[in-house]
Amino acid sequence: MKYEAPSTIDDAIALLADAQAAASVLSGGTDLLVRMRADMAAPGAIVDIKRIPALNEITETADGWRIGAAVPSAVMSEHDGLARDWPGVVEAAALIGSTQVQGRATLAGNLCNASPAADSVPAMVAASAKVEIAGPGGTRTVPVEEIPTGPGKTSLAAGEFVTAILLPKRAALSGDAYLRFIPRTEMDIAVAGCGIALSLDDTGTCQSARVALGAVGPTVILAADAASALIGTKLDDAALEALAAACSAAATPIDDKRGTAAYRKHVIGVLAKRAAKIAYARAGETA
Amino acid sequence: MALDKNAPETRSFKVVGSRPLRPDGIDKVTGRARFGADMSAPGMLIGHILRSPHAHARIRAIDTSKAEALAGVKAVVTRADFAAAPEGMEDVLDNCMAGEKALYDGHAVAAIAATSAAIARQAAKLIEVDYEVLPHVTDVDAAMAPGAPALHDGRSDETVPDGYSANVMSRVEYGHGDIEAGLAKADRVLERSYKTAATHQGYIEPHACLATMGPDGQADLWCCTQGHYMVRNTCAALLGMDQGQLRVTASEIGGGFGGKTTVFIEPVALALARKAGRPVKIVMDRTEVLRATGPTASSSIDVRIGMTKDGRITAADAELRYQGGAYPGSPVGMGSMSAFAPYDLENVRTIGYDVVTNRPKQAAYRAPGAPMAAFAVESAIDELAKGFGLDPLDVRLKNAAREGTRSSYGPTFPAIGLEATLRAAKDHPHWSAPLGPNQGRGVACGFWFNFGGDTCVTLNVTPDGTVTVTEGNPDIGGSRASMSMMAAEELGIPYEKVRTVIADTGALGQNEVTDGSRVTFAVGLATIEAARAAKREMCARVAKIWGIDEEAVIWEDGAAKPAGPNAGDYPPMTLAEIAAIASNTGGPIAGHHEVNAEGAGVSFATHIADTEVDPDTGATRIVRYTVIQDAGKAVHPAYVEGQFQGGAVQGIGWALNEEYIYGADGILQNPGFLDYRIPVASDLPMIDTVILEIPNPGHPYGVRGVGETSIVPPLAAVANSVSAATGVRMTDLPMSPPKVLAAVQGQQEG
Ligand SMILES: Cc1cc2nc3c(=O)[nH]c(=O)nc-3n(C[C@H](O)[C@H](O)[C@H](O)COP(=O)(O)OP(=O)(O)OC[C@H]3O[C@@H](n4cnc5c(N)ncnc54)[C@H](O)[C@@H]3O)c2cc1C
């Protein structure tokens, strides 16, 4: 097995595009190295993207935020501007593993690992995040939810890799939040997770909302009915109940060692209600 | 010479009871400590074990030829490389390397030694095992039913009544009195069934060893174990060697909790080393640890208790069914003996069934067998007490065993500490602290026997007057500090002048395993006696120098002094002064003691747990937790508190989230720390501890073992607490969130 650490995006593309090499991208390695140790992955080469300078930066752009694909979650947590604008996304990334794991784990790795239970993905989807992809055919930008296509599978073509996560500007009177349920308090994997981003008008009525559900289907679920349950309300009890019911209905979980389908359908509704209240409060704070 | 035994009650201590820094602390924090996997040898090969992917399968044939042909492979062994095991050790061998059948998912079927781990793993894939897959069973009650798939035929002993499957290995019964007559006197008879899941000891350090064997048959083994003398004896028997030809050295150990009181990889590494003619190292990964080492038994228990409305238990009866994996030997006997041990009962009976299933062979786990039994009994007592509107501590006090009580398992108790722990619990501020919304408080008691056994200690005095204590029990709970403290106490020298080392099997006679909470008691006793022997020798040397009677020399404050008619005639001679001239007075000075230690005092505890249950998710949070336990005498109180806290935390894990989850295919679903959920630090509050000291008359300083009792009460304390928080009685562990939510929702509907 070969280890490569290119310093430019083009070099990385060349290494990844070489089909013979059967290369895997290495970002933080907190999924990839664990899978290799467990005999579940055996790439022919590893292409470490952490040496590419642009991939290590968080920058504020005209359109919002650009988070380089190699930026670890701990760096996001310490970035005041990002944490102020997208607290839900930052707190989702800050739930990953433990302090040690967060020193390495990236949003791009979390997304491209394509685990149904990835914590940052529902938060990014709720936040309307996009990914910037570089590949042999050039650069393209697609919504986050288009990347995972099933457990462990992505829509990335051969030679392509994610170079950045793009978050929009935070609108006035808007806020986001992410909550997950785990049986312990850390070092665990989501039994269910819910990201919500919403915006209000100046009367406090919800104008727009995005509700994304994690760990209750093979890929992240953008629950349109759940969002509708909030829009036009001030998140009164009836709206929250409707939200919970819509989330439970949209969820398509399985029974496994981490929880029964029935349990997950219930808990996703509970999380949605709680996350919605936090996002609502955050939206109000920006008034 | 006057060296009377010190009556434990009256003695005042100088070193014992203080809290010196741990001698292994710096090494462990800086990474200098050498654990099992840290040993290497020139020319070393890496061993890897191929394991069964089936829960139950006949091994028709194993073809290792392709693996042997792979470059870098130096030896492959299967069961054919081992001679028949000596009587009584067949199961140990079969568990280390499967014979006719693979009996559980993860059972070892072959092993490879190669020049690298990658080659060894690749070779494992080239071994062709022809399996005939057989029906399997993993649940204890299902395994007992007639018609269940049988693991072994004809191994049930004569104690097993008709009507059970061949998986029921034996039946035990304890108790006295007349159950039915007792129940007839009760105002209420509660009958309940309880279940607990199998849990793993969860030690941080996976099993690891390095074996060498020369063509002359002399062998060395380095390994992490709770008992290297046991490893030596077992491996020698399985490999057909003389015990004296195998020297075993124990590494530092990253936890054991009972799980390292047997062998798994050690005989395999020796067999590979023998065949390859080169040193072989085997290190398990976490998956192997969970699949193929010993978790504890899972249990299914029925309890019947009769109580009068003022809280007196009139009769107590329990049937305990434990599955201990693929071979006989579940700890159901100790569960049956300990179940009602805290209580003074006129009519009591326990019946236990030892059952085999297609799971890894259970190994000892901290107070083996007792936590599950206490869960059932302490839950039932709690439910009865609450039903009558009585304080659960008062009910326990009313029925508490005390000095002179005939225990439920036979012996009559000497001075014991249960009542003291219950009274301390009542007086503790925790017991009367207010509770918040969705919170509940639970209490439970626990008991453990404790143990002594074969022990050797040699205490050497160096020429500069420092002291080395040489003992043979791996230090898993701070025992090196405790031994040094007891030696310093006895010799009257500072703690810093004593260093305790764990010697290899060549250095001392037979030592029992570090288990049964025996080390501070038994090795401590031997250390004190070895120190006394050294003192006698030093007094004799000084008597010679002074030209007076040996009887006229006493040992006080680290020095020999003239006494009796010679008192004041000579200035005292310190240990260092005596040591400096030892060569001129007869040679080096040492003391030693060899004993089968008896008189280990039983230990009781009472735990108080507060939990908060999220009614929407079923998640339980431990809000506050207090352990009150009798330590006899706490030699190093910080270590004692650590044992109290550690046992409580393991019990909390058992109560809330830890469980072996098997699929319908009999394959373990969660062989890793992601889905086998041990509590993490952020799950827990600081565990409060109260040490009581009711001296054990069997030990010179009054020491009782403290390592195990602390895991006995938490299952019930937490379950009683969750039941109080939710209003639903929880009888099935673990109380994982889906289970608690279902119970809460069931109650709302019902
Ligand atoms: C102890 C522990 C706890 C964990 N806890 C959590 C948790 O609580 N929540 C959670 O969601 N996850 C958790 N994880 C999983 C993991 O940490 C996260 O998924 C993390 O975000 C992965 O990021 P990474 O940079 O380390 O990915 P890597 O391991 O580097 O990569 C993961 C996968 O994505 C691919 N990849 C990486 N970067 C790119 C890229 N830029 N373009 C294309 N493909 C790429 C890799 O080839 C690989 O297949 C945990 C892991 C561990 C070891």
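The values are calculated or read from the model by the stated rules, or taken from the named source; none is laboratory data. Please read all numbers here as calculations on a predicted model, not as lab measurements. A quick note on method: Cβ atoms are made from the backbone with ideal geometry, for glycine too, and the neighbour counts reach across all protein chains shown.
Brief remarks on what is shown
- Among residues that are within 29 Å of B:T357 (Cβ to Cβ) and either in contact with a Cys (Cβ under 6 Å, 6 or more places away or on another chain) or outside the structural domain of B:R155 (by TED's automatic domain parsing) (or both), B:E205 is included.
- Filtered residue count, the stretch B:616-651, keeping only those that are assigned to a helix (DSSP H, G or I) and within 14 Å of chain A (Cβ to nearest Cβ): 1
- Taken together, A:K265, A:K273 contain a single residue that is in a helix (DSSP H, G or I) and within 11 Å of chain B (Cβ to nearest Cβ), which is A:K273.
- Any hit, the stretch B:683-702, residues being within 13 Å of another protein chain (Cβ to nearest Cβ) and surrounded by fewer than 22 Cβ atoms within 10 Å (Cβ to Cβ): yes
- Residues satisfying the stated conditions in the stretch A:74-106, i.e. near the ligand (Cβ under 7 Å from one of its atoms) and in a helix (DSSP H, G or I): A:V101
- Only residues that are surrounded by fewer than 24 Cβ atoms within 10 Å (Cβ to Cβ) and touching a residue at least 12 places away in the same chain (Cβ under 8 Å) were counted across the stretch A:181-199, and they come to 4.
- Hey, A:A126 within 25 Å of A:R274 (Cβ to Cβ) and either among the charged types (D, E, K, R) or at pLDDT 95 or above (or both) or not: yes
- Annotation note: of B:V348, B:V356, B:V332, B:V377, the sole residue that is within 20 Å of the chain's Cα centre (by Cα), of a type in the set (V, I, T) and crowded, with 24+ Cβ neighbours inside 10 Å is B:V332.
- If only residues of the stretch A:56-73 that are within 13 Å of the ligand (Cβ to nearest atom) and buried (at least 23 other Cβ atoms within 10 Å of the Cβ) are counted, the one that is farthest from the other protein chains (Cβ to nearest Cβ) is A:G68.
- Residues within the stretch A:168-202 that are within 16 Å of the ligand (Cβ to nearest atom) and either outside any strand (DSSP E or B) or of a type in the set (A, V, I, L, M, F, W, C) (or both), tallied: 14
- Residue in the stretch A:1-18 that is within 14 Å of chain B (Cβ to nearest Cβ) and more than 11 Å from the ligand (Cβ to nearest atom) present: yes
- Output for the stretch B:476-519, where each listed residue is of a type in the set (S, T, Y) and not in a helix (DSSP H, G or I): B:T500, B:T505, B:T514, B:S517
- For B:T458, the criteria (1) within 30 Å of B:V501 (Cβ to Cβ); (2) not assigned by TED's automatic domain parsing to the domain that holds B:G516 hold in every case but one, which is (2).
- Yes/no for A:L32 being more than 14 Å from chain B (Cβ to nearest Cβ), under 15 Å from A:L166 (Cα atoms) and either in contact (Cβ under 8 Å) with a residue 24 or more places away in the chain or surrounded by 14 or more Cβ atoms within 10 Å (Cβ to Cβ) (or both): no
- Residues within the stretch B:661-713 that are closer than 25 Å to B:F340 by Cβ and hydrophobic (A, V, I, L, M, F, W, C), tallied: 6
- Scanning the stretch A:108-117 for residues that are within 7 Å of the ligand (Cβ to nearest atom), hydrophobic (A, V, I, L, M, F, W, C) and more than 14 Å from chain B (Cβ to nearest Cβ) yields A:A108, A:C112.
- Criterion: modelled with pLDDT of 95 or more and either over 24 Å from A:T8 (Cα atoms) or surrounded by fewer than 18 Cβ atoms within 10 Å (Cβ to Cβ) (or both) - qualifying residue of A:E91, A:E160: A:E91
- Scanning the stretch A:250-268 for residues that are in contact (Cβ under 8 Å) with a residue 12 or more places away in the chain and in contact with a helix residue (DSSP H, G or I) (Cβ under 7 Å, 6 or more places away or on another chain), we see that the one that is nearest to B:Y676 (Cα to Cα) is A:G259.
- Residue in the stretch A:124-143 that is over 15 Å from A:L213 (Cα atoms), away from chain B (no Cβ under 14 Å), in a helix (DSSP H, G or I) and within 12 Å of the ligand (Cβ to nearest atom) present: no
- Of all residues assigned to the stretch A:207-225, at least one qualifies as being part of a helix (DSSP H, G or I) and more than 14 Å from chain B (Cβ to nearest Cβ).
- Test result for A:A251, within 16 Å of the ligand (Cβ to nearest atom), at pLDDT 95 or above and closer than 30 Å to B:Y662 by Cβ: no
- The lone criterion from (1) within 14 Å of chain A (Cβ to nearest Cβ); (2) in a helix (DSSP H, G or I) left unmet by B:M735 is number (2).
- The residues in the stretch A:171-196 that are more than 14 Å from chain B (Cβ to nearest Cβ) and under 22 Å from A:L213 (Cβ atoms) can be counted, and the count is 7.
- Failed item in (1) surrounded by fewer than 24 Cβ atoms within 10 Å (Cβ to Cβ); (2) assigned to a helix (DSSP H, G or I); (3) in contact (Cβ under 8 Å) with a residue 60 or more places away in the chain; (4) within 14 Å of chain A (Cβ to nearest Cβ), with B:F673 passing the rest: (2)
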